[in-house]
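A.B. asks: Just dropping this structure here.
The values are calculated or read from the model by the stated rules, or taken from the named source; none is laboratory data. All values reported here derive from a predicted model rather than from experimental measurement. Please note: Cβ atoms are built from the backbone with ideal geometry, for glycine as well, and neighbour counts cover all protein chains shown. These area figures cover heavy atoms from the full protein model, side chains too; ligands, DNA and RNA do not enter into them. Shrake-Rupley method; radii C 1.70, N 1.55, O 1.52, S 1.80 Å.
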Amino acid sequence: MRALRSVLDFLYLLGGVGGALALTAIALVIAAQVGGRFLGLTVAGADDLTSFAVAASALLPLAYAFRHGAHIRVDLIIGRLRGRAQFLLEAVALLLALAVVLALAWSLSDLATDSLEFDDVAQGTVPWKLWIPQALSAVGVVLFALSLLDDLVVHLAGGTPSYRRAGEGSALDRAAEEL
């Protein structure tokens with residue numbers, strides 16, 4: 001199990017690193033555009049590249065952020081429950097989230113596959129292959145689905161899900177418990 005945990009955590013970290021690289025790409029494209037204006041040059045396809053990188057920066061790090069408690073969770077109901085009721089409702093919430101994310105992962109994967117099959121290209125000044133950014137988005141959502149399944153299994157086995165472990169140490173959670 002320790003080897004599986006290491007592999008999963010490494011995959012989640014790769015998603016986070018991919019998101020950081022996408023943010024870096026956005027900064028580099030914008031810097032190239034600004035520099036190009038001073039030199040009277042135009043960066044062809046910059047708008048498309050930026051939009052591809054924005055999608056990747058939003059979706060690739062989802063699993064990493066989830067595992068580290070960085071997603072906003074609303075505990076209005078679950079936070080007030082205790083015992084078996086809390087356990088069941090948390091399991092249902094994870095299961096519903098997993099179902100929605102799996103549907104999104106399926107759709108994005110299907111879109112990327114179709115774009116590869118039909119050789120779809122961007123409509124901008126540069127005909128970028130669309131399957132590449134679509135596949136990156138699909139990978140991010142698949143990793144997020146995997147992290148939800150991971151925490152669902154941990155929760156059902158009686159463990160503490162990663163987002164709860166990450167949140168237990170925060171000052172905000174301690175203050176909320178005191179109220």
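A.B. asks: With VAL101, VAL153 as the choices, which residue is modelled with pLDDT of 95 or more, under 16 Å from GLY15 (Cβ atoms) and either touching an Asp or Glu at 6+ places or on another chain (Cβ under 9 Å) or assigned to a helix (DSSP H, G or I) (or both)?
C.D. replies: From the options VAL101, VAL153, the qualifying one is VAL101.
A.B. asks: A further question on this structure: For segment 105-125, which positions are touching a helix residue (DSSP H, G or I) at 6+ places or on another chain (Cβ under 6 Å), in contact (Cβ under 8 Å) with a residue 24 or more places away in the chain and either polar (S, T, N, Q) or surrounded by fewer than 17 Cβ atoms within 10 Å (Cβ to Cβ) (or both)? Please lay out each step first, then the result.
C.D. replies: Here is the first cut: in segment 105-125, the residues touching a helix residue (DSSP H, G or I) at 6+ places or on another chain (Cβ under 6 Å) are 105, 108-109, 111-112, 115-116, 122, 124.
With the extra rule that they be in contact (Cβ under 8 Å) with a residue 24 or more places away in the chain, the set shrinks to 105, 108-109, 111-112, 122, 124.
Hits for segment 105-125 are SER109, GLY124.
A.B. asks: What residue, among those in segment 61-93 that are assigned to a loop (DSSP other than H, G, I, E, B) and over 18 Å from the mean Cα position of the chain (by Cα), is modelled with the highest pLDDT?
C.D. replies: Checking each candidate, the answer is ARG82.
A.B. asks: Would you mind telling me which numbered condition in (1) more than 30 Å from GLY45 (Cβ to Cβ); (2) modelled with pLDDT under 95 VAL126 fails?
C.D. replies: (1)
A.B. asks: So which of ALA20, ALA58, ALA27, ALA32 is within 22 Å of SER109 (Cβ to Cβ), in a helix (DSSP H, G or I) and of a type in the set (Gly, Ala, Ser)?
C.D. replies: From the options ALA20, ALA58, ALA27, ALA32, the qualifying one is ALA58.
A.B. asks: Kindly evaluate PHE52 against the criterion of being more than 13 Å from the chain's Cα centre (by Cα), assigned to a helix (DSSP H, G or I) and buried (at least 17 other Cβ atoms within 10 Å of the Cβ).
C.D. replies: yes
A.B. asks: Can I ask one more? What pairs come up if the first residue lies in segment 1-21 and is in contact (Cβ under 8 Å) with a residue 24 or more places away in the chain, the second is open to solvent by 70 Å² or more (accessible area, probe 1.4 Å) and among the β-branched types (Val, Ile, Thr), and their beta carbons are under 8 Å apart, counting only those six or more places apart or on different chains?
C.D. replies: Every condition considered, the pairs that remain are GLY15/VAL139; GLY18/VAL139.
A.B. asks: When you go through ARG73, ARG67 one by one, which is the residue that is open to solvent by 30 Å² or more (accessible area, probe 1.4 Å) and within 29 Å of GLY158 (Cα to Cα)?
C.D. replies: Working: ARG67 fails: open to solvent by 30 Å² or more (accessible area, probe 1.4 Å).
On inspection, the qualifying residue turns out to be ARG73.
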